[in-house]
Amino acid sequence: MTQAQAPDLSTRSNQITALAARITTGLGVVLGGMWAMITYLVPDPSVFGFGFINWRNIVLLVSVFTVLGALSICWQIRNLPRMLHGTALTLLVVGLSFAFFILGTEYAKPSFEFAKVQSTVIENDGNNLLGKRMEVVDGVRVELAGCENIGRYPNCTFILTNLDMDRDFRFENTSRFFDESGAPVSIKELRVGQQPWNYWHSFQLLRNVPTTVSLVFQETGRKVEHCPSIKLMISTRDNGTQALKFNDVTLK
């Protein structure tokens, strides 16, 4: 390598380092502005009508920025003396571990207000990779097997699988089926397997035993072919309530 080429490589390296620093700084400013807007200016970003603005995606965005920032720092300290380089890497690893611990805690139990509200509602908008519509709520996997009309009574079947210890399970009487006009329809009756059950009473779910539960809703004014949303209110083991919504459901 000639002496003329060495300064060129050094200049290019400095330019790449400066570009990486600018990108990282820019991302930091954007994320900081978003966080301030969500926390102070618009505590509930859902008013904008953007479904992708939720605390899960925000945590994911911050995680991506954290990784990019760590890579940028690694690039910028690559030419430090060995001792300083090792010390900086150690501090970076410790800081990165702490940052992801905080992000994991925020994901499990959000601290900002709109995220607290969103965390009480789980929404399912379509099939997963296996072609099934299912979510896990309070340690119970809830799968929507399908909905059909029996006369003018919407009937929805769910398969519940308890993933934890044996427990009692109950749907709250505020669970609703929404017809095409958005009118809420309450529960008429519940069946566990083929056994009729009072829907306001709890029933037992054994660990890893799939249990078929059918909800029959009140009579509708006309035959419903499409349901915008089925909102299930579920009693949790800590005496709380968790909402599970299956959106855009077609009835047979």
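Only the coordinates and a few stated rules stand behind these numbers; no lab work does. Given the structure is predicted, the values throughout are model-derived calculations rather than measurements. Cβ placement follows ideal geometry from the backbone for every residue including glycine, while neighbour counts extend to all protein chains displayed.
Please give the FRET efficiency for residue 79 paired with residue 99, using the beta carbon to beta carbon distance and R0 = 41 Å, rounded to the nearest 0.05.
Numbers: r = 25 Å, r/R0 = 0.60.
E(calc), rounded to 0.05, equals 0.95.
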Please work out the FRET efficiency for the pair residue 188 and residue 223, using the Cβ-Cβ distance as r and a Förster radius of 22 Å; give the result to the nearest 0.05. 0.85
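Out of region 174-252, which GluC sites (Glu not before Pro) are coil in DSSP terms and have no more than 16 other C-beta atoms within 10 Å? Working shown, then result.
On the way: sites: 180, 189, 219, 225; in loops: 180, 219, 225.
Sparse-neighbourhood loop GluC sites (Glu not before Pro): 180, 219, 225.
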Need one number: nm distance between label points at residue 92 and residue 168, each 7 Å from Cα along Cα→Cβ, rounded to one decimal. 5.5 nm
A chain fully extended from residue 56 to residue 159 at 0.36 nm per residue, minus the present Cα-Cα distance, gains in nm 34.5 nm
For region 191-199, what does the Karplus curve 6.51 cos²θ - 1.76 cosθ + 1.60, with θ = phi - 60°, yield as ³J(HN,Hα) per residue in whole Hz, taken in order and with x for Gly and Pro? 10, 9, x, 9, 8, x, 9, 5, 5
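Where Lys and Arg each count +1 and Asp and Glu each count -1, what net charge lies around residue 192 among other residues with Cβ under 13 Å from its Cβ? Intermediate values should be presented prior to the final figure.
Numbers: positive: 170, 191; negative: 168, 189.
Charge balance in the 13 Å sphere: 0.
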How high is the relative contact order of region 132-252, in percent, with contacts defined as C-alpha pairs under 8 Å that are six or more residues apart? 30 percent
Quick one: Debye curve from the C-alpha atoms of region 87-211, no solvent, what's log10 I(q)/I(0) at q = 0.11, 0.13 Å⁻¹? -0.57, -0.73
